[in-house]
1. Note down the net charge around LYS263, summing +1 for each Lys or Arg and -1 for each Asp or Glu among other residues with Cβ under 15 Å from its Cβ.
2. I'd like the orientation of helix 242-254 relative to the chain: the angle between its Cα long axis and the longest Cα principal axis, in ° from 0 to 90, rounded to 10.
3. Calculate the dipole size of the chain relative to its Cα centre from +1 charges on Lys and Arg beta carbons and -1 charges on Asp and Glu beta carbons; express the result in debye to the nearest 20.
4. Along its three principal axes, how long is the chain when you only count alpha carbons? Whole Å, largest extent first please.
5. Which whole-Hz ³J(HN,Hα) couplings does region 182-192 yield from phi under the Karplus relation 6.51 cos²θ - 1.76 cosθ + 1.60, θ = phi - 60°, glycine and proline marked x?
6. When the dipole is taken about the Cα centre of region 202-273, and only Lys, Arg (+1) and Asp, Glu (-1) are charged at their Cβ, what size is it in debye, to the nearest 20?
7. Taking 0.36 nm per residue of sequence separation and subtracting the Cα-Cα distance, how much length would be gained by fully extending the chain between GLU257 and ALA287, in nm to one decimal?
8. Under the 0.36 nm per residue contour assumption, what length would be gained going from the current alpha-carbon distance of LYS94 and GLN296 to full extension?
Amino acid sequence: MRILTGIQASGKLHIGNYFGAMKQMIQLQEEHELYTFIANYHSLTSSNDSALLRQYTYDAAIDYLSLGLDPTKATFWVQSDVPEVLELYWILSKYTPMGLLERAHSYKDKVAKNIPASHALFSYPVLMAADILLLDSQKVPVGKDQIQHIEITRDIATKFNNEYGEIFTLPEYIVEDDIATIVGIDGAKMSKSYGNTIDIFMEEKTLQKRCNKIITSSTPLGEPLDFATCNVYAIASLFLDKAGKKELQARYKSGLEGYGHFKKYLKELIWNEFESAREKREYYLNAPDRVEEILQDGAAKVRVKAKAKLAMLKDAVGLR
Ligand code: ADP
Ligand code: TRP
């Protein structure tokens, strides 16, 4: 199965991103033909800081490689290193009725959040369709907010195919329904925009301080604690198997330990889980040439496919 995933790089990754999306995404490389790219042309639609866009793109590359994306199994590149996608974007624009884009929620949501209403922002779904259709992607894992974009992609592809024959593969989205929302240090959904995250690559001391800030009940030391309503437990359980959870529940019920102990324990869980990722990250941070080589190799592989597809398309529509 050919699977495509696009990553919007937007700063430091947190535990919610990892357990909510990245872990499952990286796992796909084991059994599928996985194509993963950093969608920096898309990020441009809501960025006005060139240094930051460059930095986020690079950081995302390093973070994904460190967390296990394996360039010998998956193809990994930066979107703007395969500019052919923009040619397809233009061709597809011809098959994109205005009404289709006018109905897009994400455009309206972004404008409501004061992102300037540019043409790029408006036609964002067409570029996403180009990403997907250029590589004949069969499945596209996305968050719920992106489902409409896949539907738009299918509409555009169908319109094109109706005119020129079966040129595009119609993609399907994969949405993980049973992934729980991971809570932040205040018990609300962990999110960059709420300032309640625990980031994956924190310094050890900062990580402990962050864990200490998790909001808990005021049950005094010496009394049994309720694990079911505890934010520390909710986060810790992400790292534990069934037996580990049972054991931690017993410690909560025993009344022998307080939240301070569990916050220390949580820090250890997080620190240990990402130990090998930290080591890899250290390696990649010191090997920018290797990172560049991986991204360039990925782009070169994709360009071969992209050029072949474009040649066929241009021929179909009558472009030289
Ligand atoms: P943020 O809310 O911090 O800006 P993003 O919107 O960039 O996070 O999310 C990137 C990916 O991580 C999405 O696929 C999203 O579903 C997942 N994700 C983010 N936060 C959580 C969370 N608290 N629980 C589960 N998944 C999450
Ligand atoms: N729009 C997607 C997001 O915000 C990122 C993206 C761009 C993408 N192009 C894609 C995702 C193609 C899947 C396929 O998350």
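1. Working: positive: LYS205, LYS209, ARG210, LYS213, ARG251, LYS264, LYS267; negative: ASP186, GLU204, GLU257, GLU268.
Taking every other residue near LYS263 into account, the sum is +3.
2. For helix 242-254, the angle is close to 40 degrees.
3. Once rounded to the nearest 20, the dipole reads 520 debye.
4. Ordered largest first, the chain gives principal extents of 78, 42, 37 Å.
5. So the J values, rounded to whole Hz, are 8, 8, x, 5, 9, x, 7, 3, 5, 7, 3.
6. Working: 12 positive and 9 negative charges, 20 e Å.
Here the size comes out at about 100 debye.
7. Values: separation 30, 0.36 × 30 = 10.80 nm, distance 4.41 nm.
Net length gain for the segment: 6.4 nm.
8. 69.7 nm
The values are calculated or read from the model by the stated rules, or taken from the named source; none is laboratory data. Computed from a predicted model, the values in this text were never measured in an experiment. Every residue, glycine among them, receives a Cβ derived from its backbone with ideal geometry; neighbour counts consider all protein chains shown. Just the protein is used for accessible areas: all its heavy atoms, side chains included, with ligands, DNA and RNA removed. Shrake-Rupley method; radii C 1.70, N 1.55, O 1.52, S 1.80 Å.
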